[in-house]
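Colleague: My questions will all concern the structure given below.
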């Protein structure tokens, strides 16, 4: 595991604006919190060894069989489970810059990296770039590898067409990752799941550790699926605000921002480093950004921003501009 994922708010005191996590920061979780408070009795018993009851609800939502769904403790848990379950494949492929845990998990279980690998990983939309890949591209990529893992953790933060769970099942060699953590803005609960053919899910189950998902997470997952509360406001509005913020930052001296199809995007700062900017913002303005220099193929000048409220976005732009002016 790399040192320095986003949302490292625990490393600082008094942070008041968090641009470092790609998850929407202003979700109203009061109803969920009240529900969990009234169901605290679930912690008195072991959860299901494999939370099949939650998997049944997920399968109903996507129109697939419960045998084609496996619930995990967040999408990252699924990543390591997949690497373990298919370790006889021996080779893997990723498309950097992308989420580091794909490569870390594979190397942990003895894989070597190769372009013609048996096991291929694709993050769609991609973290940290915000790029979304087309469904035809994904289907073509699946023909080039024995197994294709498509991590769709940020699918609820884009308007780009995504491969459907039913398509993933029918393709046979695709494992599709989903994140309720991100969909419902509950990163502390760790709820994810895999959709794939029954054969692939059976292989994952044979390597699944019992009680991997805690009882409160299972209860929260069931509640969220039943109610499907509108925790995130209009995606159209969010993405429009993302473009406004991107343009505002691009107007600052020494700042360049890449295009994006999600609520987050990459920036570079010159001649200063992202680490220097991050430290200044956290210390002087209590604002947290993601130093992206530890993503493979990125540089010490890269940082990542996720859109917040218009007021917070304006404060970020002003704070970064102050940092730039202080360096002159």
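Colleague: Within the stretch 203-214, can one find any residue that is touching a strand residue (DSSP E or B) at 6+ places or on another chain (Cβ under 6 Å), surrounded by fewer than 22 Cβ atoms within 10 Å (Cβ to Cβ) and part of a helix (DSSP H, G or I)?
Modeller: Checking the stretch 203-214: at least one residue is touching a strand residue (DSSP E or B) at 6+ places or on another chain (Cβ under 6 Å), surrounded by fewer than 22 Cβ atoms within 10 Å (Cβ to Cβ) and part of a helix (DSSP H, G or I).
Colleague: Next question. Looking at this structure, is residue 60 in contact with a helix residue (DSSP H, G or I) (Cβ under 9 Å, 6 or more places away or on another chain), in a helix (DSSP H, G or I) and without any contact (Cβ under 8 Å) to a residue 12 or more places away in the chain?
Modeller: For residue 60, the condition - in contact with a helix residue (DSSP H, G or I) (Cβ under 9 Å, 6 or more places away or on another chain), in a helix (DSSP H, G or I) and without any contact (Cβ under 8 Å) to a residue 12 or more places away in the chain - is met.
Colleague: Test residue 163 against the stated conditions and say whether it is outside any helix (DSSP H, G or I), within 27 Å of residue 265 (Cβ to Cβ) and within 12 Å of the chain's Cα centre (by Cα).
Modeller: no
The rows are residues; the columns are (1) closer than 17 Å to residue 27 by Cβ; (2) in contact with a helix residue (DSSP H, G or I) (Cβ under 7 Å, 6 or more places away or on another chain).
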{"residue": "229", "(1), (2)": "yes, yes"}
{"residue": "233", "(1), (2)": "yes, no"}
{"residue": "237", "(1), (2)": "yes, no"}
{"residue": "250", "(1), (2)": "no, no"}
{"residue": "256", "(1), (2)": "no, yes"}
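Colleague: Also: What's the number of the only condition in (1) assigned to a loop (DSSP other than H, G, I, E, B); (2) surrounded by fewer than 24 Cβ atoms within 10 Å (Cβ to Cβ) that residue 77 fails to meet?
Modeller: With (1) assigned to a loop (DSSP other than H, G, I, E, B); (2) surrounded by fewer than 24 Cβ atoms within 10 Å (Cβ to Cβ) applied to residue 77, the lone miss is (1).
Colleague: Among the residues of the stretch 170-185, count how many are crowded, with 24+ Cβ neighbours inside 10 Å and either touching a residue at least 60 places away in the same chain (Cβ under 8 Å) or part of a helix (DSSP H, G or I) (or both).
Modeller: Residues flagged as crowded, with 24+ Cβ neighbours inside 10 Å and either touching a residue at least 60 places away in the same chain (Cβ under 8 Å) or part of a helix (DSSP H, G or I) (or both) within the stretch 170-185 amount to 7.
Bear in mind these aren't lab numbers, they're just calculated from the coordinates by the rules spelled out. Predicted, not measured: the structure shown is a model, and the values here were computed from it. Cβ sites come from the backbone with ideal geometry, for glycine too, and all protein chains shown count toward neighbours.
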